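The values are calculated or read from the model by the stated rules, or taken from the named source; none is laboratory data. Just so it is clear, the structure is predicted and the values come from calculations on it, not from any experiment. Note that we place each Cβ from the backbone using ideal geometry, even for glycine, and neighbour counts take in every protein chain shown. We work out accessible area using only protein heavy atoms, side chains counted, and drop any ligands, DNA or RNA first. Shrake-Rupley method; radii C 1.70, N 1.55, O 1.52, S 1.80 Å.
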Amino acid sequence: MHDILQELERRRAHARSGGGERRIQAQHAKGKLTARERIALLLDENSFEEFDMFVEHRSHEFGMEDQRVPGDGVVTGWGAINGRVVYVFSKDFTVFGGSLSGAHAEKIVKVQRQAAKVGAPIIGLFDAGGARIQEGVESLAGYADIFLENVLSSGVIPQISVIMGPCAGGDVYSPAMTDFIFMVRDTSYMFVTGPDVVKTVTNEIVTAEELGGARVHAGKSGVAEGAFDNDLEAMTQVRRLVDFLPLSNRQKPPVRESYDELDREEPSLDTLVPSNPNKPYDMKELILKVVDEADFFEISSDWAKNIITGFARLDGEPIGVVANQPQVLAGVLDIDSSRKAARFVRFCDAFNIPILTFVDVPGFMPGTKQEYGGLIKHGAKLLFAYAEATVPKITVITRKAYGGAYDVMSSKHLRGDFNYAWPTAEIAVMGAKGAVEIIFRADMNDPAKLAEREAEYKARFANPFVAASRGYIDDVILPRETRRRVTRALKSLKGKVLENPWKKHDNIPL
Ligand code: HXC
């Protein structure tokens, strides 16, 4: 018996050592942790239970029969984040560069299926060179199996990907189908084809960082929803994010005890909106002053900054926040901000997370760049997402709500449950200056008359009361009372039941 136990321990130690001490040191020298060290940081202490530690690849090509490492380049299993079950797989770069064999793929598919079956989030930690080159088509088949599980689980369980090393080929497509991608600055890259292939095909010379570093994907392409400074911070922040999410679409988001008073007043909000309508202010200040303990987990904070998206709590209940940011491009809706917010709204709706929307939007961005880029279809994504969402929807218009953007931003007409406006709200087809220049074109050469018309238009429309008189705004509220009003509204919506007509699925303008 003693021998068998020793044999088990020996085999376990061998599996845990991955690609060996030399490669582990090389991993550390690059500022990266190993697959197992990352899992230890991600999960509650001693909660990790490993699957398939002894699985090996089946390849006999290119001398691979002599190179078998138990676990085959990926560590899989389950554990807990603050006591709630999550499934995890973590690519081990020290074993064949974390590349994917048929056996490696089967391990990932096993935890994907298990997570979907029990209704628990799945978190993938990526640090891998794509398809195992020695295996060929078996590896490609393995990727397709993983992709299929990603798709089937989409909207069923939260799927989170963290890019923690160079990732190419199949190791970027699977993350692309998950809900959130986070990267680690300076040590992680994502590209479909790497710099060498780019040079061969297009003659373009770029570094890995320029082609697919964290700055590119979290700031320019929007492929990643965030970037962190190192592995430790990435794992800590993913734990924070998971705390806002339900385990699956069958559950409500996790309610925590709040230490923030429900009816806390914020007098400073009464003067947040400047008297000059063209002057920006920071919408984040409003978010932080309204939500519990100023705790806001921002999604895509470095991309399409003219709209803010993220998770927070009101009296302990998770909410998704969407807010125009007047500080960036005056908070205009353009292609990127529409895509960013639409995806976020759909995530919230899929996972029963109520949406709080703060509106200060001058309209859609004009110009050939936007029109050629398909603004019509991209803007429609956000309209579509808000309209189809059946979760509780609470909207507060702080200042501008002009034109089509008024309709889009969770308006009453798209089944907003509570639509409030601050006294500073201006709900109109467009700003006063633009409006009079069109409807009083004949007065264009008479500045005094034009100014008079502008003042007249402002007095008539630059307020929330016309919309309120139609019932499109449920109430005009004091800025200082925003927290109390939206929190009470949220509580009153606990029993909300709303269903869309039966369909196989919708046809959102992709
Ligand atoms: C087998 C691989 C491998 C792979 C790396 N290794 N990638 N083994 N298959 N795809 C091994 C190396 O041989 C090496 O083994 C170890 O991993 C570390 O690799 P290095 O090159 O030394 O590391 P580094 O310099 O950091 O470069 C990392 C890398 C590079 C950028 C990932 O290895 C690379 O470009 N690999 C190939 C990427 C690729 O083209 N993959 C196929 C994509 S196509 P030793 O023994 O020396 O430690 C694809 C198809 C699926 O994925 C598409 C589905 C839609």
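Looking only at residues of region 173-189 that are more than 16 Å from the chain's Cα centre (by Cα) and open to solvent by less than 30 Å² (accessible area, probe 1.4 Å), we find that the one that is nearest to residue 27 (Cα to Cα) is 187. All of (1) open to solvent by less than 60 Å² (accessible area, probe 1.4 Å); (2) touching a Lys or Arg at 6+ places or on another chain (Cβ under 9 Å) hold for residue 13 with one exception: (2). Among the criteria (1) over 27 Å from the mean Cα position of the chain (by Cα); (2) more than 20 Å from residue 160 (Cβ to Cβ), the one residue 99 does not fulfil is (1).
When restricted to residues that are closer than 23 Å to residue 282 by Cα, in contact with a Phe, Trp or Tyr (Cβ under 9 Å, 6 or more places away or on another chain) and open to solvent by 50 Å² or more (accessible area, probe 1.4 Å), region 424-443 contains 1. When residues in region 30-62 are screened for being over 31 Å from the mean Cα position of the chain (by Cα) and either outside any helix (DSSP H, G or I) or among the hydrophobic types (A, V, I, L, M, F, W, C) (or both), 9 of them pass. Of all residues in region 153-172, exactly one satisfies the criterion of being open to solvent by 10 Å² or more (accessible area, probe 1.4 Å), assigned to a loop (DSSP other than H, G, I, E, B) and either of a type in the set (A, V, I, L, M) or without any contact (Cβ under 8 Å) to a residue 12 or more places away in the chain (or both), namely 156. Restricting attention to region 78-126, the residues that are open to solvent by 20 Å² or more (accessible area, probe 1.4 Å) and basic (Lys, Arg) add up to 4. The set of residues in region 265-288 being of a type in the set (D, E, K, R) and either closer than 27 Å to residue 431 by Cβ or open to solvent by 50 Å² or more (accessible area, probe 1.4 Å) (or both) consists of 265, 270, 279, 282, 284, 285.
Which of the residues that make up region 113-141 are in a helix (DSSP H, G or I) and more than 9 Å from the ligand (Cβ to nearest atom)?
113, 114, 115, 116, 117, 118, 137, 138, 141
Please name all residue pairs, on different chains or six or more residues apart, with Cβ atoms under 6 Å, provided the first residue is in region 364-388 and is assigned to a loop (DSSP other than H, G, I, E, B) and the second residue is of a type outside the set (A, V, I, L, M) and open to solvent by less than 90 Å² (accessible area, probe 1.4 Å). Hits for this filter: 365/334.
Considering only residues that are on the phi < 0 side of the Ramachandran plot, touching an Asp or Glu at 6+ places or on another chain (Cβ under 9 Å) and part of a loop (DSSP other than H, G, I, E, B), look in region 75-112 and name the one that is farthest from the ligand (Cβ to nearest atom). Checking each candidate, the answer is 92. Figure legend. Inter-residue proximity from region 126-146: first residues farther than 14 Å from residue 90 by Cα, second residues among the aromatic types (Phe, Trp, Tyr) and more than 9 Å from the ligand (Cβ to nearest atom), beta-carbon distance below 6 Å, spacing 6+ or different chains. Indicated pairs: 134/62. Applying the criterion of at least 3 residues that are in contact with an Asp or Glu (Cβ under 7 Å, 6 or more places away or on another chain) to the helices (runs of 4 or more DSSP H) found wholly in region 432-475 leaves 432-439, 447-461. Does at least one position in region 210-222 carry a residue that is within 22 Å of residue 41 (Cβ to Cβ), of a type outside the set (S, T, N, Q), within 14 Å of the chain's Cα centre (by Cα) and outside any loop (DSSP other than H, G, I, E, B)? Yes - at least one qualifying residue is present in region 210-222. The single condition from (1) in a loop (DSSP other than H, G, I, E, B); (2) modelled with pLDDT of 95 or more that residue 263 fails is (2).
Restricting the first member to region 47-65 and to residues that are within 21 Å of residue 86 (Cβ to Cβ) and modelled with pLDDT of 80 or more, and the second to residues that are open to solvent by 80 Å² or more (accessible area, probe 1.4 Å) and of a type outside the set (Asp, Glu), the beta-carbon pairs closer than 7 Å and six or more apart or on different chains are 49/78; 51/110; 52/110; 53/12.
Could you tell me how many of the residues in region 476-497 are open to solvent by 60 Å² or more (accessible area, probe 1.4 Å) and either of a type outside the set (Gly, Ala, Ser) or over 25 Å from residue 291 (Cα atoms) (or both)? The qualifying residues number 7.
In region 52-65, the count of residues that are within 25 Å of residue 239 (Cα to Cα) and open to solvent by less than 90 Å² (accessible area, probe 1.4 Å) is one or more. Considering region 9-53, and only residues there that are of a type in the set (Gly, Ala, Ser) and within 16 Å of the ligand (Cβ to nearest atom), the residue that is nearest to residue 71 (Cα to Cα) turns out to be 18.
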